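Working notes, beginning with the structure itself.
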Amino acid sequence: MSKLIMNRRGVLKSGAVLGAGVALPTIFTASSAAAYTNEPTGGTVTLGFNVPQTGAYADEGADELRAYMLAVKHLNGEGDGGMMNTFSSKELKGNGILGKKVEYVTGDTQTKSDAARASAQSMIQKDGAVMITGGSSSGVAIAVQGLCQEAGIIFMAGLTHSNDTTGKDKKANGFRHFFNGYMSAAALAPVLADRYGTDRKAYHLTADYTWGWTQQASIAAATEAKGWETVANVLTPLTTTDFSSYVAPVINSGADVLVLNHYGGNMINSLTSAVQFGLKDKMVNGKKFEIVVPLYSRLMAKGAGENVKGIFGSTNWHWSLQDEGSKAFVKSFGEEYGFPPSQAAHTVYCQTLLYADACERAGTFNPCGVAEALEGFKFSGLGNGDVEYRADDHQCFKDVLVVQGKENPTSEFDLLEVVEVTPRAQVEYAPDNEFFAGGSLGQCNDGSA
Amino acid sequence: MKDRLTLLLFAAVVLAAPLLFAPTGAAYPDLLQRFAIYGIFAIGFNILFGLTGYLSFGHAAFLGVGSYAAMWMFKLLTMNIIPALLLSVIVAGLFSLLIGYVSLRRSGIYFSILTLAFAQMSYNLAYSVLTPLTNGETGLQLRLDDPRILDGASEAGTLPSTNLFGFDMKEVFWNPNILGYDLQFNWGYYVCAVLLILSFWISIRIFRSPFGLMLRAIKTNQTRLNYTGVNSRPYTLAAFVISGMFAGLAGGLLATMDPLAGAERMQWTVGGEVVLMVVLGGSGTLIGPVLGAVFIRYFNSVLSQINEQTLHGWFSFGPDWLTNGLVVIVEPFVGKGWELTLGALFMIVVIFLPGGLVDGARRIGRTLTGANRRAAKAEAA
């Protein structure tokens, strides 16, 4: 039988506990009455890092977060400065952005558009973030980009490879450093035609959602232009884990190349299945059977293990590159975390520096000023050679790497070999290209309207 | 009389929420809107589950259908929210009539499995097959070139926002600073709040009506009810459709507050979440579902955003080794580990408070008024 004792001491104690409990979840409170959404008024500026921390792309998300934290350190003048030293623009001094110390908030997108938008909203409305960046899935990136456009916030896209992000779903407040499906195809097709000949018959397995479709359409068009024939394109649900029923029909289809338009876990499973069916050692039409994976990442290669040996694909960046920017980034990332960064980490690190630099050059955090500074901006020293942020669609144009699974890897990180650095001119396209047509940037929004 | 008091109290709390939630860090429009919307969703679900005992895992489908219906209204007709909300309720009602008619042929676990199957089917359809209608994985969004035949041409290059006869849903109409808290009073939230109060009132009326009594009878002993000559199916179907319409309203509101409808809104996990909300809050009670919805949404948004930097801020009072130690201990339970904490809390509530949060509140109330002691005395005597 409990008995409630009410005395001064008890009341004080419970009051304190209650107070602490209520105050604990309070994180930051946004300030009000500004010229544009979330104008930073104090001595700090808040950036929002919105990445998948749970779900299928959690590995990529974790690596992105590491790179973001490293970028914030460098911007605030801690650490060795990384790529800030090799960046062609010298506006960043290591004293934050426009003299304000950089702080950040993080959120979990769960690789779901709804959750990603809720998390971005709380960064904007509660934490007063002036820029949102992240995303490891095209659907999520497009959804968050739309939200930022409406709220009057800059969105710096992370890992998103669909043509639509800067194609039919492009937005004036959104910017993408990463490459896209069309560029992958344009870089890969010549190498494939060169190595495998021009009279190949290709069979496509494609993840059944927007990224898969745009990727497949791009690579099919590019290879057909080289003389290849597309035998079939089979769509596989994203949730598939056993691909044997999709791989078995390939054997008797008369095709001699299998193109896997899959990413992450899908690619690991479908490739493993294809290798188990002995496709890699088969001879069809008098030629050796080949497998191609248009979008590669080191994390995927690690998952697929032995099976990636000799298989071609494309990637945005690889840590083994020997330019000054890449070396500086790999060095400071390695010293911080003990292993080399992935392409996801590289692209988000670049995006953070590019945003900070644009603020410095514009002299303001106003999204419209920052967007103007980014549009048509030409730079180098960030690991991809000479790069341009095209004003027409806010897509970065740069060299694309064609990579091949290494036959004799020397370490668990040394899985891919850079076969060719495809020059920018070869992967460039007109803004009204058929794969990108249909959208429009609209007007830049700073939230003041 | 007691009901009217409950309703008034509820309305007061809901309308003052931007002020009341300020100390908890949850008083920003997006989260408050979600509290209200998921409150409506849970209230509707409670009419089916709390009263008849039929456990549906498929209500996410109605939420999604409502969202898609509202989005199409925004794209084709007008950005005014009235037609969108009406259509979302109607479409979800029809859809639930169809699914309910088939699923309610069975009861118990078979009913649950059937609804789960339907929800998963709807999700897959929306995700890939019906892409022209749903825009697949990317989700349905507003576009500059949508017709919107009732609205005049919008300002060039900018997307219009959802409104209620000119009141912009995104607009913060009053932004005072009270007791050091920066408060944001937003039109969108008040639309959700009024609909939540209305839903709550409908729920009270259903609970107290002969229809509600019939639903409770079904939960208590359906076989006996059937033997007395009552055909229970029209009642369960009506309850199913009503709760489906509530879900449709919630879905429509989600699209209204944030014009995007994605397939993942139809995933069975969302349907499972509403079950958690109702069970956590107290199924079969009036206020329980709303409490559960607020509880889960709050933990979902607040816990998942705590990172190392914030933890270091909290624990900076002690020496370095203490701070670092505390951070290491707490870190797995916040940020990416927020589901772990939610799971643990859910287990604690279900094990120690089988009646949910409402049960807990009642126990505390009893302890305070000494009712326990009197009851024990009476027992001893």
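The values are calculated or read from the model by the stated rules, or taken from the named source; none is laboratory data. The structure presented is a predicted model; accordingly, all values stated were derived computationally and were not measured. Note that each Cβ is placed from the backbone with ideal geometry, even for glycine, and that neighbours are counted across all protein chains shown.
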When A:ALA118 is run through (1) in contact with a helix residue (DSSP H, G or I) (Cβ under 6 Å, 6 or more places away or on another chain); (2) of a type outside the set (S, T, N, Q); (3) part of a helix (DSSP H, G or I), the failure sits at (1)
Of the listed residues (B:ILE306, B:ILE218), the one being more than 30 Å from B:MET79 (Cα to Cα) and within 14 Å of chain A (Cβ to nearest Cβ) is B:ILE306
The lone condition A:THR239 fails out of (1) within 30 Å of A:ALA58 (Cα to Cα); (2) without any contact (Cβ under 8 Å) to a residue 24 or more places away in the chain; (3) part of a helix (DSSP H, G or I) is (3)
A:SER332 vs (1) without any contact (Cβ under 8 Å) to a residue 40 or more places away in the chain; (2) assigned to a helix (DSSP H, G or I): all pass except (1)
B:VAL275 vs (1) assigned to a helix (DSSP H, G or I); (2) touching a residue at least 24 places away in the same chain (Cβ under 8 Å); (3) touching a helix residue (DSSP H, G or I) at 6+ places or on another chain (Cβ under 6 Å): all pass except (3)
(Q) For the structure I just gave you, tell me whether A:LEU159 is assigned to a loop (DSSP other than H, G, I, E, B) and crowded, with 24+ Cβ neighbours inside 10 Å. (A) yes
The lone condition A:CYS396 fails out of (1) part of a loop (DSSP other than H, G, I, E, B); (2) among the hydrophobic types (A, V, I, L, M, F, W, C); (3) closer than 29 Å to A:THR86 by Cα is (1)
In segment A:266-308, anything modelled with pLDDT of 90 or more, under 25 Å from the mean Cα position of the chain (by Cα) and outside any helix (DSSP H, G or I) is listed as A:ILE291, A:VAL292, A:VAL293, A:PRO294, A:LEU295
If we keep only residues of segment A:74-90 that are farther than 18 Å from A:ARG361 by Cβ and free of Cβ contacts under 8 Å to residues at least 40 places away in the same chain, then the residue surrounded by the fewest Cβ atoms within 10 Å (Cβ to Cβ) is A:GLU78
By residue number, the members of segment A:128-150 that are facing chain B (nearest Cβ under 8 Å) and more than 25 Å from A:SER297 (Cβ to Cβ) are A:GLY146, A:LEU147, A:GLN149, A:GLU150
Reported set for segment A:190-226 where residues are free of Cβ contacts under 8 Å to residues at least 40 places away in the same chain and part of a loop (DSSP other than H, G, I, E, B) is A:THR198, A:ASP199, A:ASP208, A:LYS226
Listed by first then second residue, the pairs whose first member lies in segment B:163-185 and is more than 26 Å from B:THR78 (Cβ to Cβ), whose partner is among the charged types (D, E, K, R) and surrounded by 11 or more Cβ atoms within 10 Å (Cβ to Cβ), with beta carbons under 8 Å and at least 6 positions apart or on separate chains, are B:ASN175/B:ASP182
Those residues of segment A:168-216 that are outside the structural domain of A:ASN266 (by TED's automatic domain parsing) and surrounded by fewer than 23 Cβ atoms within 10 Å (Cβ to Cβ) come to a total of 2
Within segment B:350-362, identify whether any single residue is touching a residue at least 24 places away in the same chain (Cβ under 8 Å), within 14 Å of chain A (Cβ to nearest Cβ) and surrounded by 17 or more Cβ atoms within 10 Å (Cβ to Cβ), and answer yes or no. no
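Residues checked against (1) assigned to a loop (DSSP other than H, G, I, E, B); (2) within 13 Å of chain A (Cβ to nearest Cβ); (3) of a type outside the set (D, E, K, R):
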| site | (1), (2), (3) |
| --- | --- |
| B:LEU133 | no, no, yes |
| B:ASP146 | yes, yes, no |
| B:GLY152 | yes, no, yes |
| B:LYS170 | yes, yes, no |
| B:TYR190 | no, no, yes |
| B:VAL194 | no, no, yes |
| B:ILE197 | no, no, yes |
| B:SER203 | no, no, yes |
| B:ILE206 | no, no, yes |
Condition test on B:PHE62, is it in contact with a helix residue (DSSP H, G or I) (Cβ under 9 Å, 6 or more places away or on another chain), within 14 Å of chain A (Cβ to nearest Cβ), buried (at least 24 other Cβ atoms within 10 Å of the Cβ) and farther than 28 Å from A:GLY128 by Cβ? no
Pairing a residue in segment B:34-46 that is within 13 Å of chain A (Cβ to nearest Cβ) with any residue that is charged (D, E, K, R) and part of a helix (DSSP H, G or I), where Cβ atoms lie under 6 Å and the two sit 6 or more apart in sequence or on different chains, gives B:ARG34/B:ARG297; B:PHE35/B:ARG297; B:TYR38/B:ARG297
Among B:LEU280, B:LEU260, the single one that is at pLDDT below 95 and farther than 21 Å from B:LEU125 by Cβ is B:LEU280
